[in-house]
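A quick write-up on the structure given underneath.
The values are calculated or read from the model by the stated rules, or taken from the named source; none is laboratory data. From a predicted model like this one, the values you see are computed outputs, not experimental measurements. With ideal geometry, Cβ positions are generated from the backbone for all residues, glycine too; neighbour counts draw on all protein chains shown. Protein only, heavy atoms only, side chains kept; ligands, DNA and RNA dropped before computing areas. Shrake-Rupley method; radii C 1.70, N 1.55, O 1.52, S 1.80 Å.
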Amino acid sequence: MHLRKHDLLQMDDEWLKRLPAELLLEVSKRLLHDVKELQDRLNQHPENSSRPPTSQAPWAKHDDPEGKDAPAENEPAEVASGKPTQASDGAEAPVKAALRLPTVPKPSNKQAGKQPGSPGYGRTQKLAVTGTCDHRPESCTACAQALSADAPSKRYTAWDEIDIAPPVEGQIGLMFLITRHYLLETNCDHCDHVSRAQPWRSAEEHEWERVELGEWRLVGPQLAGLIVFLALRLRLSRPRIREALMEMFGLLLSVGVIDETLREAGRASLPLEDVLVADLLQEPQLNVDETSWPENRLLLWLGALVTPWTVLFVIGPRHAEMLENVLQDGYYGILISDGYRVYRAWLNRLRCWPHLIRKLRGLAESSDGRVSGVGQEMEGLMHTLEDAIYAARIDLPPEGLPFLYAAPVDRLKSLCTAHWSDAHSALRSVARVFLYDWEVIMRPLGEPHLPLSNNAAEQALRHWFIARNISHSTRCEAGTRAFALLASVIETCRLRGASSWRYLGTVIRAARKGLELPPLPAIPAVA
């Protein structure tokens, strides 16, 4: 909307007649735009928008859509309504109450938490204002001409912002600032129209329904970054964050404000996803792993893509598209993973040896003597090759490991081939796992410098695995996406030795004004 009520009240026939032709055309364009937008809003209803059913007019609702009030088949209307019937002699005959089975309530599709239309609650804590900031309109809302800096202005509304002061060198601790932001209205020198400054607000996005991003916020950018850190890195719930802020700083924030802040931070960090992907594609090695992540009643998976300086978390269904969407531009480095079949599409790949050795340890501890013997022999061969690889990293033999250890390798492969169709399901499965990825598994013998484990991805997931068990993961699509984005930024900052909540504060500050986000913290120089 270009024009608001304050602007329209200043416009009348006489004002329009005084305008030059070019300004009249500009005003007409803005009025036409607003009329079309208002018409679209009038056409919104619960079936074509996110408006709640309670917003629909009573006469527009369908009466009894499921026929709940209609009498059952072969049932008199009087019985259905509970009224007494008349006997043949004119006397009232008693009506037997029909036996009805209890109905099973249908699952509700309502979102958890406060519903739209519920009564709200205002702030009761009074805070002393430590500073002010005036916001002037840059151009006239009527004629679009630039407004001079010395044009007459006055304040017409304001909002308070609670934030954390920038750090001072040599001092420790946090200092809070309460800034009162004033919006000014200014007279235009060209058309004498009074324009009002408006706080910047991002356009609505379907993927971020009910998640607003803009300047008019009680929680300042740095305080928002701290709240994100408490929620994700320290794994505190919303009520615990509320308690911590009150106990340590005497600041009272509602659980709803804290939740809004977290989702807003996720939306603000969205452009960083492409930056993280670009950094991942430049690295020579990429560790990947995944763990389950339920979203309400939907089972999803949390995937981690890890390099020495960058981490990206993605949440979605467990199929190839989730990884392909991230690496759609092509990754030509080495992919280090477990045995999940989706990873086999990448030929330049390594298998995690500890995963394989644990499978062999399971066979070795089998109660079946035959299976246990095979498992012990295969495990011993793998340990022999593993020790040889670690030794070669210190002193590489001139003959090369594939030549020196050809006998153990051939014996291991012959055991796998012999038990390809074994009657024991676990032994058969392990044998096939080795043969499916034989070249990938044995690759470190020819290149001993390559890693044998996928520990980097597993360690990156462990913190969020614990967070999932504490919070029972996420409950909506916006919360899931915000979690993955914020977790990615936090882990990347940690790897690069930067303060994650301070950096997130700068990201939120820029996003609330519609500015370009600051770059990710620089990768530290390797000594």
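Just one of the listed residues (Ala146, Ala151) is closer than 24 Å to Leu25 by Cβ and free of Cβ contacts under 8 Å to residues at least 24 places away in the same chain, and it is Ala146. Annotation note: of Thr132, Thr179, Thr186, the sole residue that is over 18 Å from Lys513 (Cα atoms), touching a strand residue (DSSP E or B) at 6+ places or on another chain (Cβ under 9 Å) and not charged (D, E, K, R) is Thr186. Taking the criterion of being open to solvent by 30 Å² or more (accessible area, probe 1.4 Å), under 30 Å from Ala423 (Cα atoms) and touching a residue at least 12 places away in the same chain (Cβ under 8 Å), would at least one residue in the range 372-379 satisfy it? Yes, the range 372-379 has at least one match. Of all residue pairs spaced 6 or more apart or on separate chains, those with beta-carbon atoms under 7 Å, a first member in the range 175-193 that is free of Cβ contacts under 8 Å to residues at least 12 places away in the same chain and a second member that is open to solvent by less than 20 Å² (accessible area, probe 1.4 Å) and outside any strand (DSSP E or B) are Met175/Ala165.
The numbered conditions (1) open to solvent by 50 Å² or more (accessible area, probe 1.4 Å); (2) part of a helix (DSSP H, G or I); (3) of a type in the set (Gly, Ala, Ser) are all true for Gly497 except (2). Please specify each residue of the range 492-509 satisfying the condition of being within 25 Å of His135 (Cα to Cα) and free of Cβ contacts under 8 Å to residues at least 24 places away in the same chain. If the condition is that a residue be within 25 Å of His135 (Cα to Cα) and free of Cβ contacts under 8 Å to residues at least 24 places away in the same chain, then no residue fits.
Listed conditions (1) over 15 Å from Leu435 (Cα atoms); (2) at pLDDT 90 or above; (3) hydrophobic (A, V, I, L, M, F, W, C) are all met by Ala345, apart from (2). Looking at (1) modelled with pLDDT of 90 or more; (2) more than 23 Å from Gly214 (Cα to Cα), which is the one condition that is false for Glu75? Here Glu75 clears every test but (1). Looking at this structure, is Arg233 surrounded by fewer than 14 Cβ atoms within 10 Å (Cβ to Cβ) and either acidic (Asp, Glu) or in contact (Cβ under 8 Å) with a residue 60 or more places away in the chain (or both)? The answer is no for Arg233.
If you go through the range 300-352 and pick out every residue that is more than 30 Å from Pro524 (Cα to Cα) and among the hydroxyl-bearing types (Ser, Thr, Tyr), you end up with 2. The set of residues in the range 511-522 that are over 18 Å from Ala487 (Cβ atoms), touching a helix residue (DSSP H, G or I) at 6+ places or on another chain (Cβ under 9 Å) and touching a residue at least 40 places away in the same chain (Cβ under 8 Å) comprises Arg512, Pro519. With respect to Leu504, determine if the residue is aliphatic (A, V, I, L, M), open to solvent by less than 10 Å² (accessible area, probe 1.4 Å) and closer than 23 Å to Thr307 by Cβ. Taking the combined requirement at face value, the residue satisfies it. The set of residues in the range 246-259 that are out of contact with any helix residue (DSSP H, G or I) (no Cβ under 8 Å at 6 or more places or on another chain) and among the aliphatic types (A, V, I, L, M) comprises Met246, Met248, Val257. Among the residues of the range 434-468, those that are of a type in the set (Phe, Trp, Tyr) and open to solvent by 10 Å² or more (accessible area, probe 1.4 Å) comprise Tyr436, Trp438, Phe465. Counting only residues that are part of a helix (DSSP H, G or I) and closer than 19 Å to His6 by Cβ, the range 186-241 holds 0 of them.
If the condition is being more than 13 Å from Thr480 (Cβ to Cβ), hydrophobic (A, V, I, L, M, F, W, C) and in contact with an Asp or Glu (Cβ under 6 Å, 6 or more places away or on another chain), then the range 274-310 contributes only Ala304. Residues in the range 432-461 that are of a type in the set (A, V, I, L, M) and assigned to a helix (DSSP H, G or I): Val433, Leu435, Val440, Ile441, Met442, Leu445, Ala456, Ala457, Ala460, Leu461. Do we have any residue at all in the range 469-489 that's open to solvent by less than 10 Å² (accessible area, probe 1.4 Å), over 21 Å from Pro294 (Cβ atoms) and either at pLDDT below 95 or in a helix (DSSP H, G or I) (or both)? Looking for residues that are open to solvent by less than 10 Å² (accessible area, probe 1.4 Å), over 21 Å from Pro294 (Cβ atoms) and either at pLDDT below 95 or in a helix (DSSP H, G or I) (or both), one finds at least one in the range 469-489, hence yes. Just one of (1) in contact (Cβ under 8 Å) with a residue 12 or more places away in the chain; (2) within 17 Å of the chain's Cα centre (by Cα); (3) open to solvent by 50 Å² or more (accessible area, probe 1.4 Å) fails for Asp274. It is (1).
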